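Read the structure below first, then the notes.
Values quoted throughout were computed directly from the atomic coordinates according to the rules given, and no laboratory measurement underlies them. Predicted, not measured: the structure shown is a model, and the values here were computed from it. Virtual Cβ from ideal backbone geometry, glycine too; neighbours counted across all protein chains shown.
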Amino acid sequence: MITAENLRKRYGSKTAVDGISFQLAPGKVTGFLGPNGSGKSTTMRMAVGLDKPTSGSVTIGGKSFPQHAAPLRTVGAVLDAGATHPGRTGRGHLQVLAATHKISKKRVDEVIELTGLGAASRKRIKSYSLGMNQRLGIAAALLGDPAVLIFDEPVNGLDPEGVRWVRSLARDMAAEGRTVFVSSHLMSEMSQTADHLIVLGQGRIIADAPIGQLLDSGEQRVLVRTEKPADLRRALGAEGVSIEQTDAETLEVTGLDARSIGRRALETQVVLHELTPQRSTLEDEYMKLTGEHVEYRSGGQEDRS
């Protein structure tokens, strides 16, 4: 379990993390989302003792990271996959880490196999691609068979097969009762991986809820296709109902559910060729949540911060 209580981190006049509190339960994948500069990586670094909180605390299993006698057996983290000695082989890197915790060579072989490093483990790290560095970082995180896993952008640089593998790994680890904490900018991937989401905006928590709850809270839309869109518009017209025509036969209706639309179409004898509820995507809800909390914007976008 990971617990943060009034966690705050300042760098000079800049507040990176602004008094956040949360508790991550075992057996779940918790996704960590937020715009660039929102404080995600800083929070993860404080969790594993790489940054010291200005105030508040973050503990793992009831202790701060430095208090654990054998941290690799408690927490596995991938925060910077490139933080390795380029002259070592992947296997050599893992063997050095294993030696610090009296972890067997057999376990080194197991994580090499599990992460798909295979023959590449005998090559020097300086020859690794970004994706292979990610696999090596994940192998190092799994060495001690820890109860807690913290992954910061673990699919960065991976091909589609690798992305799917990380997704399955995270879900499998959670199913075994581990606490899995994963940050990502890939909304489609997070929607398939996470059970729970924490969203940061400018260092503060703006959402902390099960992913299903966040998606269900979105505005419900229904896609309707008919040869008589004008007639259907008149039948559906009412206060609180929004209708957008996307092509000659297609309407997107907000404010009425599919059953109500179908009933009104029947009453007015309008034939429907499609009636499909459109559930909000995670990207839709994320953009709504973070719209006022984006610190860095692409050129041409209105600055609302």
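Here the chain is assigned +1 on the Cβ of each Lys and Arg and -1 on the Cβ of each Asp and Glu. Its dipole about the Cα centre then comes out at about 1740 debye. Among the listed values (1) 152; (2) 178; (3) 167, the one matching volume of the Cα convex hull per residue in Å³ as calculated from this structure is (2). Take every pair of alpha-carbon atoms less than 8 Å apart whose residues are at least six positions apart; their mean separation over the length of the chain yields a relative contact order of 21 percent. Among beta bridges from DSSP that stay inside the stretch 2-211, the antiparallel ones total about 55%. Our estimate of slack between SER188 and ASP247, defined as 0.36 nm per intervening residue step minus the Cα-Cα distance, is 18.6 nm.
What you get for the stretch 1-156, charging only the Cβ of Lys and Arg (+1) and of Asp and Glu (-1), is a dipole of about 480 debye around the Cα centre.
In deg cm²/dmol and to the nearest 500, what is the mean residue ellipticity at 222 nm of the chain if only DSSP H runs of at least 4 residues count, each as -39500 (n - 2.57), divided by the residue total? Counting only the DSSP helices, I get -9500 deg cm²/dmol. Check ILE206: other-chain or 5+ apart residues with amide H under 5 Å from its amide H, H built from backbone geometry? When sequence neighbours closer than 5 places are left aside, the close amide H contacts are VAL199, LEU200, GLY201.
So, counting K/R as plus one and D/E as minus one, what does the shell of residues with Cβ under 13 Å around LEU50 add up to? Could the numbers behind the result be given before it?
Details: positive: LYS9, ARG45, LYS52; negative: ASP51, ASP80, ASP152.
Counting the neighbours of LEU50, the net charge comes to 0.
Each residue of the stretch 160-175 is assigned a 3J(HN,Hα), and the resulting list reads x, 5, x, 4, 5, 4, 4, 4, 5, 4, 4, 5, 5, 4, 5, 4 Hz, derived from the Karplus form 6.51 cos²θ - 1.76 cosθ + 1.60 (θ = phi - 60°), x at Gly and Pro. What the phi angles of the stretch 73-85 give under the Karplus curve with 6.51, -1.76 and 1.60, with θ = phi - 60°, is a coupling list of 8, 9, 10, x, 10, 10, 10, 8, 5, x, 7, 9, 7 Hz, glycine and proline written as x. Counting charges near GLU176 (Lys, Arg +1; Asp, Glu -1) among other residues having Cβ under 13 Å from its Cβ returns a value of +1. Neighbours of HIS273 by Cβ distance under 10 Å: Lys/Arg scored +1, Asp/Glu scored -1, total -2. Of all the options SER260, SER280, SER38, the one that moves most in a Gaussian network model of the chain with Cα springs shorter than 10 angstrom is SER260. 3J(HN,Hα) along the stretch 35-50, derived from phi through the Karplus expression 6.51 cos²θ - 1.76 cosθ + 1.60 where θ = phi - 60°, amounts to x, 4, x, 7, x, 5, 5, 4, 4, 5, 5, 5, 4, 9, x, 7 Hz, with x in place of Gly and Pro. Rg and Dmax over the alpha-carbon atoms of the stretch 65-139 stand at 12.1, 37 Å.
Straight-line cross-link partners of LYS28 among the lysines, defined as a Cα under 28 Å from its Cα and at least 8 positions apart when in the same chain: LYS9, LYS40, LYS52, LYS63, LYS288.
When LYS40, LYS28 are arranged by Cβ crowding within 10 Å, least crowded first, meaning fewest neighbours, the order is LYS28, LYS40. With the simple model of a label 7 Å out from the Cα in the direction of the Cβ, SER129 to ASP257 spans 4.8 nm. The residue among ALA194, GLN134, PRO86 whose Cα reaches farthest toward the positive pole of the charge dipole of the chain, with charges on the beta-carbon of Lys, Arg, Asp and Glu, is PRO86. Length gained on full extension, MET1 to HIS68: 22.8 nm, using 0.36 nm per residue less the C-alpha separation. Excluding same-chain neighbours fewer than eight residues apart, the lysines reachable from LYS123 by a Cα-Cα span under 23 Å are LYS105, LYS106. Distance between the C-alpha centres of the stretch 201-278 and the stretch 52-123: 49 Å, rounded to the whole angstrom. Here's how it looks for LYS28: its modeled amide H is under 5 Å from those of VAL180, which are all 5 or more places away or on a different chain.
Could you please state, rounded to a whole Å, how far the C-alpha centre of the stretch 143-167 is from the C-alpha centre of the stretch 1-51? A separation of 19 Å, based on Cα centres.
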